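To start, the structure under review is shown below, and the notes come after it.
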Amino acid sequence: MKNDLRDYSLRIDGPLLAGQRELLLKVVDKVHRGEPYRPESSGDQELLQGVIVLLDEIADQAHDRYGIDSLIKPDGSNDTADGNEERCECEEPGYFCSGVPGILAHIEDGILAEGAKVERCDICCRYSSDAAALERLANKQSETDRKGDSHDV
């Protein structure tokens, strides 16, 4: 098997990473002993969520930089009992609501704000990467421009 090591750019908070590693070791130890793991505090839940965010960032970079598809695909877990999809947090009104489900971006007057970053929503994962989200938003903007309505992204 070929060893394909790649370089990634990450901003790491040393003490936070140490806490996450300590918690993961605790989880692994319980699993090895056949015990269920239950978070002991909301701090544990936050540490675990931080690990997920870190892994999502690595997966985004793997896809965007190297074309490595290591992203988790939506599996219908957002479906409600009656078959309707719940609204993701990215669809709630706010500063980063782009008007396109699955895409986080600051929109001003119907267009991407100057200097604004476009990211895929790591909660609903409707797009495979930040680059795919940017492409979709750009296509949506082009469609809107062709229709002559630049105020509806």
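To make sure I understand, if each residue's beta carbon is the centre and we count other beta carbons within 10 Å, what order do Val118, Val53 fall in, fewest to most?
Val53, Val118
From the phi of every residue in segment 11-20, what ³J(HN,Hα) in whole Hz does the Karplus formula 6.51 cos²θ - 1.76 cosθ + 1.60 yield, where θ is phi - 60° and glycine or proline is x?
9, 10, 8, x, x, 5, 4, 4, x, 5
Whole number please: convex hull volume per residue, Cα atoms of segment 89-147, in Å³.
Roughly 77 Å³ of hull volume per residue.
Read phi for every residue in segment 43-56 and hand back ³J(HN,Hα) as whole Hz from Karplus 6.51 cos²θ - 1.76 cosθ + 1.60, θ = phi - 60°, with x for Gly and Pro.
Calculated HN-Hα couplings, in order: x, 4, 4, 5, 4, 5, 4, x, 5, 4, 4, 4, 5, 5 Hz.
Which far-off residues, 5 or more places away or on another chain, put their amide H under 5 Å from the one on Cys121, with H placed in the peptide plane?
Ile103, Leu104, Arg126, Tyr127
I'd like the Karplus ³J(HN,Hα) series for segment 106-123: coefficients 6.51, -1.76, 1.60, θ = phi - 60°, whole numbers in Hz, and an x wherever there's a Gly or Pro.
Once θ is set to phi - 60°, the couplings for segment 106-123 become 8, 10, 10, 6, x, 10, 4, 4, 4, x, 6, 9, 10, 9, 6, 7, 7, 8 Hz.
Would you mind ranking Asp4, Asp60, Asp122 by Cβ crowding within 10 Å, fewest neighbours first?
Asp4, Asp122, Asp60
Listing Lys140, Lys117 from the residue with the fewest other Cβ atoms within 10 Å to the one with the most, what is the order?
Values: Lys140 16, Lys117 12.
Ascending number of Cβ neighbours within 10 Å: Lys117, Lys140.
Each value in this text was obtained by applying a stated rule to the coordinates, not by laboratory testing. Because the structure is predicted, anything quoted here is derived from the model rather than measured. Glycine also receives a Cβ, built like all others from the backbone with ideal geometry; neighbour counts cover every protein chain displayed.
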